[in-house]
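One structure below.
No value in this document is a laboratory result; all are computed from the given coordinates. In this text the structure is predicted, and so the values were computed from the model without any measurement. FYI the Cβ positions are ideal-geometry reconstructions off the backbone, even for glycines, and counts take in every protein chain you see.
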Amino acid sequence: MSPSPSLFQFLKREVLVAEHEVFHRTLRETLVGTCDSVLDIGCGSGSPLKHISREFSRTVGVDGYTASIERSRAAGIHQEYHQLDLLQVGQHFAPKSFDAVIALDVIEHFDKPEGYRLLEMMESLARKRVVIFTPNGFLPQDEWDNNVHQVHRSGWEVYDFELRGYRVTGMSGLKPLRGDFALPRIRPARLGSRLSILTEPLATRVPQLAFQLFAVRDMEAS
């Protein structure tokens with residue numbers, strides 16, 4: 001007996017997927033078609049926006065690390081770049097000047113009070129949507145790539161975002177299955193990755209159990 005259409009669609013969309021495919025699909029669905037301009041705060045050298053940047057009329061990358069800006073520019077990810085202290089970005093752009101403002105794997109690099117300042121600034125700049133992607137809870141990380149900004153200084157929970165009006169989705173499978181840089185804890189890595197993917201449907205629906213959080217606030221609804 002073949003699987004029912006609904007079961008087949010579930011398997012195709014949530015189980016028979018590549019690593020991090022759910023994240024990239026969710027990012028696309030959140031932005032493409034509803035947002036025309038995107039400000040990528042802490043864009044780094046290889047922002048996930050690279051997969052969809054051509055879908056927008058304007059994308060701006062901001063980072064505090066020179067090498068990251070240079071690598072991202074060489075890759076042609078964004079149309080425009082600014083090297084800035086991330087907490088000062090709001091002084092360089094007018095309020096509500098972008099449809100979407102995103103910070104992917106960024107907020108955990110600030111201590112908690114600064115992280116809330118970052119959220120306030122992003123919300124002031126976004127006309128339609130703010131998107132945050134971060135580990136679920138504190139995940140230790142030291143400096144690497146000669147970049148002092150890579151140190152993790154805070155951990156963020158589901159309630160931190162829900163209290164501000166964000167809807168939160170779990171990402172990257174169950175929390176115990178991944179560690180540093182979202183790499184699988186179980187070896188071989190190929191097996192660990194597949195096990196993590198198999199738990200994504202649960203983690204997506206119960207973000208408290210997930211390794212990472214994808215938080216979205218619709219500013220128009222606010």
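Just a few scattered comments:
- Calculated FRET efficiency for the pair residue 138/residue 71, C-beta based, R₀ 30 Å, to 0.05: 0.60
- Trypsin sites (Lys or Arg not before Pro) within segment 1-110, DSSP loop, no more than 15 other Cβ atoms inside 10 Å: 96
- Summary value for the chain: 18 percent relative contact order, contacts being C-alpha pairs under 8 angstrom separated by 6+ residues.
- Largest GNM mean-square fluctuation across 38, 15, 101, computed for the chain with C-alpha springs under 10 Å, falls on 15.
- Stokes-Einstein D for segment 108-222, Kirkwood Rh over Cα pairs, 4 °C, 1.567 mPa s (µm²/s): 87
- Helix axis angle, 21-31 relative to the chain longest principal axis, alpha carbon, degrees: 50
- Magnitude of the charge dipole, the chain, Cβ model with Lys/Arg +1 and Asp/Glu -1, debye to 20: 760
- Dipole magnitude for segment 39-106: computed about the Cα centre from +1 point charges on Lys and Arg Cβ and -1 point charges on Asp and Glu Cβ, it is near 160 debye.
- Of all aspartates and glutamates in the structure, the ones whose alpha carbon falls short of 20 Å from that of residue 175, not counting any fewer than 8 places away in one chain, are 14, 19, 21, 105, 108, 142, 157, 160, 162, 200.
- Residues whose amide H falls under 5 Å from that of residue 59, counting only those 5 or more places apart or on a different chain, are 38, 79, 80, with hydrogens built in the peptide plane.
- Using a Förster distance of 25 Å, the FRET efficiency for residue 111-residue 183 (Cβ separation, nearest 0.05): 0.50
- Using only the C-alpha atoms, the convex hull of segment 8-55 corresponds to 90 Å³ per residue.
- Debye intensity ratio in log₁₀ form over the Cα atoms of the chain, taken at each q of 0.08, 0.09, 0.17 Å⁻¹: -0.28, -0.36, -1.30
- In this simple spin-label approximation, residue 96 and residue 32 carry label points 7 Å from Cα along the Cα→Cβ vector, and these lie 2.8 nm apart.
- Fraction of beta bridges assigned by DSSP in the chain that are antiparallel (%, nearest 5): 45
- In this structure the amide hydrogen of residue 105, modeled in the peptide plane, comes within under 5 Å of the amide hydrogens of 133, 134, none closer than 5 places in sequence on its chain.
- Given charges at Cβ of Lys, Arg, Asp, Glu: the chain dipole, positive-most of 197, 51, 208: 197
- Separation in nanometres of the label points that stand 7 Å from Cα toward Cβ, at residue 205 and residue 9: 1.6
- On Cα atoms only, tilt of 66-75 relative to the major axis of the chain in degrees: 60
- Mean residue ellipticity at 222 nm, helices only, the chain: -8000 deg cm²/dmol; runs of at least 4 DSSP H residues each add -39,500 (n - 2.57), and the sum is divided by the number of residues.
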